[in-house]
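To keep things clear, I will list the structure first and then write my remarks on it.
Derivation of every value follows stated rules applied to the coordinates shown; laboratory data play no part. It should be emphasised that the depicted structure is a prediction, and the values quoted were computed from it without experimental measurement. Don't worry about glycine lacking a Cβ; one is built from the backbone with ideal geometry, like all the others, and counts go over all protein chains shown.
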Amino acid sequence: MTKNSKKTTSAKIARLFFEAIPPYVHRMRADVKQAAPETLSFAQFRVLSCLNRDVRTVSLIADQLGVSQPAMTKMVMGLVKRGLIKKKPDEDDKRQILLFLTGPGESLYQNVILKAESSLAESLKNISAADLVVLEKALDSLNQFKNDF
C-alpha cells in the first residue's frame, strides 16, 4: 500500500467513523437512561465507566470526557455525596486525590451496563453472523488503538 492510498483509506475510515458512530452513541445514551431512568445521567454513567477502567483522577476523567475540570469536579462531588464514588489521597503524591467506585457505585454501574449491553445486543441480532465477525474484529482493533488518540 502506498502512502497516498493509505492516506485515502484513513480519510475514508475517518469519514465513515463520523457517520457511523453517532447513532450508536445516541442508542447507548437511550439505553443507559432506560436502565437507570431516575438514578443516573449518561454523563454520570460515563464517569463511573472511567472509574471502572481505572481512570482515577478528576483531571484525567475530565480530559477523557472532554469537559472542563471545574464541571467534572462538580459532577464528582455529586456522585461522592450520593455514595457512588469515594475519594482517597494518593499515597505517592499527597496533593493528588484518587477516585474509586464504592460498593453501591460498582453495583449500579454493573446493573446499568448489563441492561444497556443486553439492549444493544438485541438490536444487533439483525446483523449477519459474517458481518458480526467483521464488526468484532474492527472493534477489537479500535480498542487496541484507543490510547493513541
Requested in this report: Measure nothing but the geometry: give the 0 to 90° angle between the long axis through the Cα atoms of 103-123 and the longest principal axis through the Cα atoms of the chain, rounded to 10°.
Outcome: 20
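When 1/r is averaged over all different Cα pairs and the result inverted, which Kirkwood radius in Å belongs to the chain?
Details: mean 1/r = 0.0567 Å⁻¹.
About 17.6 Å for the chain.
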**Report entry** Tilt relative to the chain, helix 42-52 - C-alpha long axis, 0 to 90 degrees, to 10
**Finding:** 80
Report summary line: In this structure, the FRET efficiency calculated for residue 77 and residue 135 from their beta-carbon separation, with R0 = 41 Å, to the nearest 0.05, is 0.60
Query raised in the report: To the nearest 0.05, how large is the calculated FRET efficiency for residue 146 and residue 125 if R₀ is 22 Å and r is the Cβ-Cβ distance?
Result: 0.25
**Report entry** Angle between the chain longest axis and helix 129-145 axis [Cα atoms, degrees, rounded to 10]
**Finding:** 50
